[in-house]
Each structure stands twice: as structure tokens, then as C-alpha cells.
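J.: Before we start, here is the structure in question, set down as C-alpha cells.
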Amino acid sequence: MHKKTNQEYQEYLESIVGDVLEQASNQGADQAEVNAGKNTGFGVTARMGDIENIEYTNGCGLTITVYINSKKGTASTSDLNASSLNETIRKACSFAKYTAADDCSGLADESLMALGVLPDIDNNHNWSISVEEATRMAIECESAALNLDAKIVNSEGGNVNSYTGIRVHGNSHGFLRGYQETNHSISCSVVGDKDNEMQRDGWGSASRHPDDLDDHIQIGKKAGMRTLSRLGSKKIDTTEAPILFAPELAGGFVRHAISALSGSAQYRKASFLLDAMGKQIFPDFFSIKERPHIKRAWRSNGFDADGVATHDRDIVLNGVIEGYFLGAYGARRLNMSTTANAGGYHNLIIPGNTENQKAIISSMQRGLLVRELIGQGVNNVTGDYSRGASGYWIENGVIAYPVHEVTISGNLLDLYKNISMIGNDYDPRGGIRCGALLIDKMRISGN
């Protein structure tokens, strides 16, 4: 029996989505939208020199949303045979009868659909690696960390993963598009011991294209070095001092503002940035640029979850809020226009005003470099921020010693205004490209 290629399976899903939309209309739906997808791939985990786990993924699914007299019904299935699909459509139409009418519901305007030629985002690159090769790489990656120093005494594993996703979206405006994307990664995490003090750290590399992955041996060594550097950690006295977020954490710190600027947070009035449009929230030098079409980037797409064509725009310019993140529904609730952000943001770029983390450290008289955050102590309604942290204390422009078991806190409105430096050394593994980020003053709770 012929096994479908990825392209053939995409075409198969597109035909199914088209059929489901037609059947939904026949069953009384005024409007409908369908998302279908398939994920395939595998992941290998090595621990202490042996293979601990090999996991293979091969799953598909379909979700349909129908609108009948401004009432919405949604149903999903992982079975794509005809009878199951027909039952899923019937269920969605049935559910719509029992929901409340909402004048803001429904598809985005037909004129906004991404019906033209889509930008080439270059996100589909298969990795022709066998399970045997991945197994070898996982073991070698972990070994590079374990063999670095006798103080590396345990491991949480070396991992090699490779996955391909096929996505198809269609709606009753005649929009029907599909695409493929790949996700490859190598990572390692190990445990160190010095004088009965245990510390854990790790490192990893992830990309759309296997050629963009870091060398697996170097990943293991970096994981080991990061763990060793945390041994001898101290708990410092409670104080106020500058806080420097490492590049791998800086995007997450800014993401709280992104959540607060989402349509749902705004229309529910559950945001510390409520009605922030036109207000200066960040310093003059600070900007956030949304660029949805960067090649091989994690959050690139030619259209959003409503099928609306994506475009470049500025979210923050010179510290002032210029835009929200709106899908069609949120935009109608706010009496605004969609920003093509149904399903979330697309690649955000925060330009730096200095070179990198090293340059920022050299400018600091004292402060804390944060390399790990613990807990979820962020209130997106009030902006109150309090999280456990570990990292390194800085004195006179150099790292003095590792720090653990402290809490950093403040209010995000104040903290965002006190951002003074951002490096250009962003972490390419995330959807927010922000380098090391320095806040001039923050409370550190310790001894």
C-alpha cells in the first residue's frame, strides 16, 4: 500500500476540510471554519549512557466551528473517516443551538482573507536522521556533559527530537490553505554536586532546519559548564539592586505585556495595561516590532487563525503602545479592526541599545544576573510580579559568585519604565527576539 508523502497528506487534508465545510453548510451553518492537522516524528532520551525512552508520534485531528444565527458551536475528532466527520459536524451544529447569540461572533471579513500568494517563510525542512543516529547523538551529548568534570554526578537526560506538522485551515469565505513546518531540537540537562550541594542546569538548541542546530557535543559541554558554574551558590541579603535578565529569559519578561495587550485581556478588563493605546509604558528607546514573515522563525505565518493575512507592524514605538493583539472576535468586542493575531503574536523583535550581556555586566557596579526563574507569581490584572530566581551576583562589572533561593519582585508598570539597557544578543529559540535586559532597580528578597 502506497504511503502518502507529506505533500499528498496535505492535499488529502485540504480535500477533507473542503468537504466538511460543504457539509456544514448543507446542515444549516451560516458560516463555518475548519482546522485540520497531522503531527509525525520521534524523540529520543538518553540518561546515564543508556536510552531511557524512544517516543514516536503519528496523530491527526480536525476541529470545526459553526455559526448559526450568531450562535457558535465547536466539535473535534481524531478520526477522519466519513461517518466520524459527519457526526462531528452534526455535534457542532447541535451545540450551536444551545449557546447564547453573540453579535461579535463569526468569521473575519472576507476581504481580509489571505487569498493571494503567501510569503515564503521557509519553515519546512525534514531531518533525514534515523532513530539509531538520534540515539547516538543523545548519548554523546549527555556524555559530553557527564565527562566534563567529576562534580557532574547525575543527569536528567540528553534529548534529540524531530517533528513535522501539516496544518490546513479553511472557512466558508472560500479560504482554504495548508502548509508544513518542522521542529528539530537537541538538549541536555545534568546535575552537579559539591560539598553535598546539588545544582542542575542545561542547554539546548532548536530550529526549523537541522543545519541550524548547534553541535550536539558543544550543547552537552555547555550544559555541563552551566551546571558547574552554579555550584557554591549563596543566598544573599534582602536588598534593592539592578536586575539583568539573561537573553533566554528576557523575552518571557516582556511577554507579560504581550498578554496584557491581547484582545481578550482588554475586553474582559483583566489587564494591567487596560486602555493603554497611545500611552507611554516603556522608555523612549524601547520598541516592539511584529514581523510575521521572517524565514525559519518560530512564529512566522502568512495568515492567522482566522485566515486573515498577516503584515508587519509596530506594537510599541519609542515606548508608546501603538497596537493590541486582536483576532476578529476581540476586535469586534472593542469596536476595532483585527490585527491578524487570532491565535497569538507573530515574531516580535525588540531592538537593543547596546551590544550584549557581557557589555551590560561590565557597566554594572552591582546587581543580579538572573538565569532561572521559578514559579508563576505574575498577576496580569494588577501587574504585580514576584518570582523565585537564581543566577549570579555582579560586583564592579564582573560576576562574583552564584546566587540561589531569592525572590525578585515589583510591579510591571514600574519595572517596564525602569528598563535601561537591552542587548542585541537575542535567543533564537523563541518567538520574542529580545537580548539581555537590564532593569535599574528591583527588590530582591533573600536572608
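The values are calculated or read from the model by the stated rules, or taken from the named source; none is laboratory data. Nothing here was measured: the structure is a model prediction, and the numbers come from that model. All Cβ positions, even for glycine, are placed from backbone atoms using ideal geometry, and neighbour counts span all protein chains on display.
J.: Give the number of residues within segment 111-124 that are outside any loop (DSSP other than H, G, I, E, B) and surrounded by 15 or more Cβ atoms within 10 Å (Cβ to Cβ).
T.: 2
J.: A further question on this structure: Based on this model, can you work out whether Ala297 counts as outside the structural domain of Ser111 (by TED's automatic domain parsing), out of contact with any Lys or Arg (no Cβ under 6 Å at 6 or more places or on another chain) and in a loop (DSSP other than H, G, I, E, B)?
T.: yes
J.: How many residues, within segment 110-134, are within 27 Å of the chain's Cα centre (by Cα) and polar (S, T, N, Q)?
T.: Residues that pass the stated criteria total 4.
J.: If you don't mind, there's one more thing I want to ask. I'm trying to understand the selection: among the residues of segment 125-159, which are aliphatic (A, V, I, L, M) and either closer than 19 Å to His209 by Cα or surrounded by 17 or more Cβ atoms within 10 Å (Cβ to Cβ) (or both)?
T.: Ile129, Val131, Ala134, Met137, Ala138, Ile139, Ala144, Ala145, Leu146, Leu148, Ile152
J.: Take the residues in segment 159-185 that are in a strand (DSSP E or B) and aromatic (Phe, Trp, Tyr); name whichever of them is nearest to Ala46 (Cα to Cα).
T.: Quick first cut of segment 159-185, residues in a strand (DSSP E or B) only: 159-171, 176-185.
Restricting the remaining residues to those that are aromatic (Phe, Trp, Tyr) gives 163, 179.
Details: Tyr163: 18, Tyr179: 32 Å.
Selected residue: Tyr163.
J.: Something else: If Tyr56 satisfies every condition in (1) under 30 Å from the mean Cα position of the chain (by Cα); (2) at pLDDT below 95 but one, which is the exception?
T.: So the condition that Tyr56 fails would be (2).
J.: Yes or no: Asn26 touching a residue at least 40 places away in the same chain (Cβ under 8 Å) and either buried (at least 20 other Cβ atoms within 10 Å of the Cβ) or of a type outside the set (A, V, I, L, M) (or both)?
T.: It is false that Asn26 is touching a residue at least 40 places away in the same chain (Cβ under 8 Å) and either buried (at least 20 other Cβ atoms within 10 Å of the Cβ) or of a type outside the set (A, V, I, L, M) (or both).
J.: Name the single residue, out of those in segment 195-232 being assigned to a helix (DSSP H, G or I) and polar (S, T, N, Q), that is surrounded by the fewest Cβ atoms within 10 Å (Cβ to Cβ).
T.: Gln218
J.: In addition: What about Phe253, is it assigned to a loop (DSSP other than H, G, I, E, B) and buried (at least 22 other Cβ atoms within 10 Å of the Cβ)?
T.: no
J.: Considering only residues that are in a strand (DSSP E or B) and farther than 26 Å from Gly204 by Cα, look in segment 235-250 and name the one that is farthest from the chain's Cα centre (by Cα).
T.: First, pick out the residues of segment 235-250 that are in a strand (DSSP E or B): 239-245.
Still in the list and also farther than 26 Å from Gly204 by Cα: 239-242.
Details: Thr239: 32, Glu240: 31, Ala241: 29, Pro242: 27 Å.
This residue is Thr239.
J.: Might you let me know whether segment 384-405 holds any residue that is more than 22 Å from Asn318 (Cβ to Cβ), free of Cβ contacts under 8 Å to residues at least 40 places away in the same chain, not β-branched (Val, Ile, Thr) and not in a strand (DSSP E or B)?
T.: yes
J.: While we're looking at this one, here's another question. Return the only residue of Ser259, Ser287, Ser264, Ser300 being within 16 Å of the chain's Cα centre (by Cα), over 22 Å from Leu115 (Cβ atoms) and among the polar types (S, T, N, Q). Talk me through it step by step, then tell me what you get.
T.: On the way: Ser287 fails: within 16 Å of the chain's Cα centre (by Cα); Ser264 fails: within 16 Å of the chain's Cα centre (by Cα); Ser300 fails: over 22 Å from Leu115 (Cβ atoms).
Every option except Ser259 fails the conditions.
J.: Considering only segment 237-250, state which residues are buried (at least 18 other Cβ atoms within 10 Å of the Cβ) and either among the β-branched types (Val, Ile, Thr) or under 30 Å from Leu326 (Cβ atoms) (or both).
T.: Ile243, Phe245, Pro247, Leu249, Ala250
J.: Can you tell me which residue among Glu140, Glu132 is without any contact (Cβ under 8 Å) to a residue 60 or more places away in the chain and closer than 30 Å to Gln218 by Cβ?
T.: Just a single option satisfies the conditions, and that option is Glu132.
J.: Continuing with the same structure: In segment 310-340, how many are surrounded by fewer than 19 Cβ atoms within 10 Å (Cβ to Cβ) and part of a strand (DSSP E or B)?
T.: 4
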